[in-house]
1. Among the residues of the range 663-682, how many are surrounded by fewer than 16 Cβ atoms within 10 Å (Cβ to Cβ) and more than 28 Å from residue 611 (Cα to Cα)?
2. Within the range 225-259, work out how many residues are assigned to a loop (DSSP other than H, G, I, E, B) and modelled with pLDDT of 90 or more.
3. What tally of residues in the range 512-546 results from selecting those that are crowded, with 18+ Cβ neighbours inside 10 Å, part of a strand (DSSP E or B) and under 23 Å from the mean Cα position of the chain (by Cα)?
4. Quick one: residue 649 ticks every box in (1) in the same structural domain as residue 567 (by TED's automatic domain parsing); (2) at pLDDT below 85; (3) farther than 30 Å from residue 576 by Cα except a single one, so which number is it?
5. Considering only residues of the range 660-696 that are touching a helix residue (DSSP H, G or I) at 6+ places or on another chain (Cβ under 9 Å) and in a strand (DSSP E or B), which is nearest to residue 122 (Cα to Cα)?
6. How many residues are under 13 Å from residue 352 (Cα atoms) and surrounded by fewer than 18 Cβ atoms within 10 Å (Cβ to Cβ) when one looks only at the range 418-445?
7. Is it the case that some residue within the range 92-115 is buried (at least 20 other Cβ atoms within 10 Å of the Cβ), assigned to a loop (DSSP other than H, G, I, E, B) and either at positive phi or not assigned by TED's automatic domain parsing to the domain that holds residue 392 (or both)?
8. Would you say residue 303 is closer than 30 Å to residue 130 by Cβ and in contact with a strand residue (DSSP E or B) (Cβ under 8 Å, 6 or more places away or on another chain)?
């Protein structure tokens, strides 16, 4: 059982373990295993296979998230073995597991780093294979939401057979999944576009809250057709395809957001909550008995997935796009008013909805191979050794991504003094620069030539690799008066590698979003562990069966040195129907390769600066931090298990848990860093880059070891098994 590395039928584990069988999983008929498991109370909100690629390079994945502490703090295993992570940012993609051959899923909801290694701060999810599967199984599914959208088709073929007079056994599986349509926020009436904003009614001492939550929030100072935000004509917007001038109501504004008035919410409404996804996987596992006490095996997997989605609409310098009054696309009456007022230019807030959103295409190829041996020594000892190599190759394309310099040239249009035609101002001095003018006023159609000049495709190609060599053994060390003292020992060597390349325009920070930067990183990990199960007392009143479980692991990281993890747990069978259990542990989570080595993804975005009281359109670079240390977590679990004699087969459990993470790794947003710096927390000021006039040029957002992260709660679980004729009736809930 995953709660311990010790295989001893007489040992009851002190750490809560939830076991979900294949019958329960199949009965739910969830589209993916992650969607089923994430319904369990111990799992929190997580990413799904419909992640927006425009925001996360790891889109198209299904991660697990125990205790709502994040996928990188949940260790996912396949038959006790580590699996290559989907991205350099961590997290195992459960889509790449052979779900048809899963016999059960064991979920350990307590610190388990001492037994299983790094990343088990929130716990372990171990998928156990049915390596003895016989016959052929075919499964087909289809479904859609109650609204009739997000329809999918799923097919699964599973086969298994023995050979060589029973010495060998082969199992194999093929999976296919396709969801051709996605769902965006505008289709859901529960989406209210809420945000926390400054309360306009607040005055110190008047009893009003400083901040309030409001609905129907959008980005301030923009409109699809453009709105003038400076000078005497501030509040004039351009509506419809022809850009007809009309009044604009700025409503209530709080920093970068606005509610009320003529608020534009098309930015938020463009976000997808479910996107098209398709994948196909092939898996095979072969066991062969070399001798009665030695079995060798090989295992292989290949999978390919594709998905795409729309991203954010690109808006240019909200309220801060400079337009000259000689722009030939400007309404003549508006130009006349500006000239009469002595204005030579004005600022425009523009959401370029008529140029279309950036869209993402993401493809991922995954393969892994395992070779290993399982052996027995004597009647009580067993040992395991394996080597695995896995690779994930990803290609991410952000199509229709705005090229900022070209966009600004296209916006700055004039009339050619020789021909009278509308051209880019830059073309007057560089006739062969290829610039195609763009009309920023109104929502009329944009020519294909303009879009081709102002937009391009950003891309990144990345590779993630994992190599693991592992050996462990467990068995009875000696016999004590209260029973057998059992021991498990083992050692692991782990190598993580990742690298990525990108296009030249991304490298030059030319795009509005997804300016991918070079990436290369490697980490080597050496580990050794020991675990003991010690029977202390037997057959004493209130101590029918008192056991101690303890484990320790030493881990050496090539990037940050050596760290120790440990666990101590007790179980006491008070009487036949009541058992109490408790565990304390020290757990770790190492920084991901992305945390350490990422070259960054550079985006241009607006940030409001309370020092200068201005909004800046600046670059934000989300990069790595090689100085990161592993997180350290102190975990406590304590609970009771009740199995009443008067209801055979019924088991109830209640457990309290508390996880306190020290030096938690987190990345603040650019706006958060700026706010903290301006509030006097000078540590964050090093990431704010200003020019000589104190205007913000760029902001670096890097992961740091923050002070602490704490979570606590209660787990309740009920399980009931009852024989019904030749079958078994099971109920499991939590």
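1. Going through the range 663-682 one residue at a time, the tally reaches 0.
2. Here is the first cut: in the range 225-259, the ones assigned to a loop (DSSP other than H, G, I, E, B) are 225-226, 229-235, 240-243, 248-251, 255-256.
Filter once more, so that each one left must be modelled with pLDDT of 90 or more: 225-226, 229-235, 240-243, 248-251.
Of the residues in that region, 17 qualify.
3. 5
4. For residue 649, the failing item is (3).
5. Ranking the candidates gives 661 first.
6. 2
7. Of the range 92-115, the ones buried (at least 20 other Cβ atoms within 10 Å of the Cβ) are 92-102, 105, 107-115.
This time we only want the ones that are assigned to a loop (DSSP other than H, G, I, E, B), so: 92-93, 97-98, 109-112.
Keeping just the survivors that are either at positive phi or not assigned by TED's automatic domain parsing to the domain that holds residue 392 (or both) gives none.
No, the range 92-115 contains no residue that is buried (at least 20 other Cβ atoms within 10 Å of the Cβ), assigned to a loop (DSSP other than H, G, I, E, B) and either at positive phi or not assigned by TED's automatic domain parsing to the domain that holds residue 392 (or both).
8. Against the criterion (closer than 30 Å to residue 130 by Cβ and in contact with a strand residue (DSSP E or B) (Cβ under 8 Å, 6 or more places away or on another chain)), residue 303 qualifies.
The values are calculated or read from the model by the stated rules, or taken from the named source; none is laboratory data. Here the structure is a predicted model, which means the values were calculated and not measured. Cβ: placed from backbone, ideal geometry, glycine included. Neighbour counts: every protein chain shown.
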